[in-house]
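Structure first, then comments.
The values are calculated or read from the model by the stated rules, or taken from the named source; none is laboratory data. Remember, it's a predicted structure, so these values are computed and weren't measured experimentally. We place every Cβ from the backbone using ideal geometry, glycine too, and count neighbours over all the protein chains shown. Surface accessibility is based on the protein's heavy atoms, side chains included, excluding ligands, DNA and RNA. Shrake-Rupley method; radii C 1.70, N 1.55, O 1.52, S 1.80 Å.
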Amino acid sequence: MNPGVALAALVGVSVATAVIGFYGLRISRTTGDFYVASRTVRPWWNASAIGGEYLSAASFLGVAGLILLSGTDALWFPVGYTAGYLMLLLFVAAPLRRSGAYTIPDFTEARLDSLPVRKVTSLVVVLVGWLYIVPQLHGAALTIRITTGLPSWVGSVAVVIVVCLTVVAGGMRSITFVQAFQYWLKLTALAVPILFIIFVLAGSGTPALAPPSVNPTGAPPAGLYQNVSLLVALLFGTLGLPHVLVRFYTNPDGQSARRTTLIVLGLLSVFYLFPTAYGLVGRMFAPGLATAGQADAMVLLLPGELVGGTAGDLLSALVVAGAFAAFLSTTSGLVVSLAGVISQDVLGAGVGSFRLAAVISAVVPLGFAFMTDSFALAGSVGLVFAFTASTVCPVLLLGIWWRGLTDAGAIAGMLTGGVLCGGAMIAGALAGAASTPGWLAQPAAWTVPAAFAVMVIVSRATSQRIPKTMSKVMTRLHTPERPLATER
């Protein structure tokens, strides 16, 4: 890969992101603009923006890398990532929009009439956001090192700088334009090179095809428990991602929130065809890329490996631009959601507090990224989904659909899920990937039921703490809204 061409692609996507972000500054004036774009984002724009922020380093690079390493076992990742949105459509999207809250802690406080619940929820949301940002910075570091030869830290710092500029400039309204642009850039950056590669392979005779029995890593296939646990993490974890949930607050009404989710399902289904194709082509024609540190970079390296020459360099540059867009869009969505929580709960509401909180939200995980090493991107994000499924998801589902939830039950359930899943993640990291037992490597199958069970048991034991406002709030959550006359 030509380092100069790759660097030009990185600079180009960064400049385009900054320019679009600064455009948002022209129309971002109020606190509502910064937090939820004044709840005026229409379904197609919002769906494109959700696709932009949801399709992270794990989706763009990690899924193809895992398919290269693990074959069909890794197909659960795109299935789970997409099917999680069906869960959102059925159980969360419209009621959450009707709650009238700016953030997830706003929702839990309103639903349970409890300041301690808000504080615990805020802590969990911030932790989830920081855990999710770190793999994006690792992905940027890997991309910079592989494609340009520059030090890894340059990629991480570049993402933080660009994200801070765009988020501080215009908040949610600004990054809505940015993320919508980045979704379509990412889709193009994956689709064009892989289609070109397939045409080249079909027209010039295939290169040496790896035997069907070849396993690039020699790793045994995942067992039933690991696959089921992974699917639980992805399905339920999607329901608790703060940067995704905050998007439903930006819709004008509940009907548009549901329509947004349906469009997102279509956009995600189309997108995940291409990382899957990269993984399969790589496994068939370039199994040598499945070496230490190369699997996650396979999408970046495959055009040069199978096409080569100037065409390979240009296709690689397009992929690099798409990859960097993935890091920027997901990180910016997370930073906006975290800035909303931190500014309201720590710094005080207002545009100035939001901007300071955005900088804090981006800089803290940068420090964690410097102190940690990257491992399989999709695997690391999968653990974040497991943590989210064990903490935020239960309080959202029960808060929306069960009248018996109490503040004590919500706190006990979130703490139980967080401690169990966090402990499993730490124990797995200390043991190392090769020696981690399956129940620690994929803990969601037991941590998610434990969180739900504790939440229900403690709530029943403290039924006298059901808030007096419960009926009023539940009525608001489940009463259909009248759609806006101007909706399209």
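Residues in the range 430-453: is at least one in contact with a Cys (Cβ under 7 Å, 6 or more places away or on another chain), crowded, with 22+ Cβ neighbours inside 10 Å and modelled with pLDDT of 90 or more? Scanning the range 430-453, I find at least one residue that is in contact with a Cys (Cβ under 7 Å, 6 or more places away or on another chain), crowded, with 22+ Cβ neighbours inside 10 Å and modelled with pLDDT of 90 or more, so the answer is yes.
The sole residue among Val128, Val160, Val120, Val124 that is among the β-branched types (Val, Ile, Thr) and either farther than 22 Å from Asp106 by Cα or surrounded by fewer than 21 Cβ atoms within 10 Å (Cβ to Cβ) (or both) is Val160. Any residue in the range 131-140 that is modelled with pLDDT of 90 or more and within 21 Å of Gly404 (Cα to Cα)? No, that holds for no residue. Selection of helices (runs of 4 or more DSSP H) fully inside the range 1-83 by the criterion of at least 3 residues being open to solvent by 30 Å² or more (accessible area, probe 1.4 Å) and either at pLDDT below 80 or within 23 Å of Leu137 (Cα to Cα) (or both) returns 3-27. From the list Leu142, Leu195, Leu165, the lone residue that is open to solvent by 10 Å² or more (accessible area, probe 1.4 Å), in a helix (DSSP H, G or I), in contact with a Gly (Cβ under 8 Å, 6 or more places away or on another chain) and under 18 Å from Pro275 (Cβ atoms) is Leu142.
Remark: pairs (first residue in the range 255-280, in a helix (DSSP H, G or I); second residue open to solvent by 40 Å² or more (accessible area, probe 1.4 Å); Cβ separation under 6 Å; 6+ apart in sequence or on different chains) = Gln255/Pro483.
Within the range 135-148, residues that are under 15 Å from Thr331 (Cα atoms) have Cβ atoms under 6 Å from residues that are part of a helix (DSSP H, G or I) and among the hydroxyl-bearing types (Ser, Thr, Tyr) in these pairs: Pro135/Ser380; Gln136/Thr330; Gln136/Thr331; Leu137/Ser156; Ala140/Ser156; Ala141/Ser152; Ala141/Ser156, counting only partners at least 6 apart in sequence or on another chain.
Is it the case that the range 372-391 has a residue that's open to solvent by 10 Å² or more (accessible area, probe 1.4 Å), of a type in the set (Ser, Thr, Tyr) and free of Cβ contacts under 8 Å to residues at least 24 places away in the same chain? Within the range 372-391 (the criterion being open to solvent by 10 Å² or more (accessible area, probe 1.4 Å), of a type in the set (Ser, Thr, Tyr) and free of Cβ contacts under 8 Å to residues at least 24 places away in the same chain), the answer is no, since none of the residues qualifies. When Arg283 is tested against the conditions (1) among the charged types (D, E, K, R); (2) open to solvent by 50 Å² or more (accessible area, probe 1.4 Å); (3) in a loop (DSSP other than H, G, I, E, B), the lone failure is (3).
Scanning the range 91-117 for residues that are open to solvent by 20 Å² or more (accessible area, probe 1.4 Å), touching a helix residue (DSSP H, G or I) at 6+ places or on another chain (Cβ under 6 Å) and not in a helix (DSSP H, G or I) returns a single hit, Tyr102.
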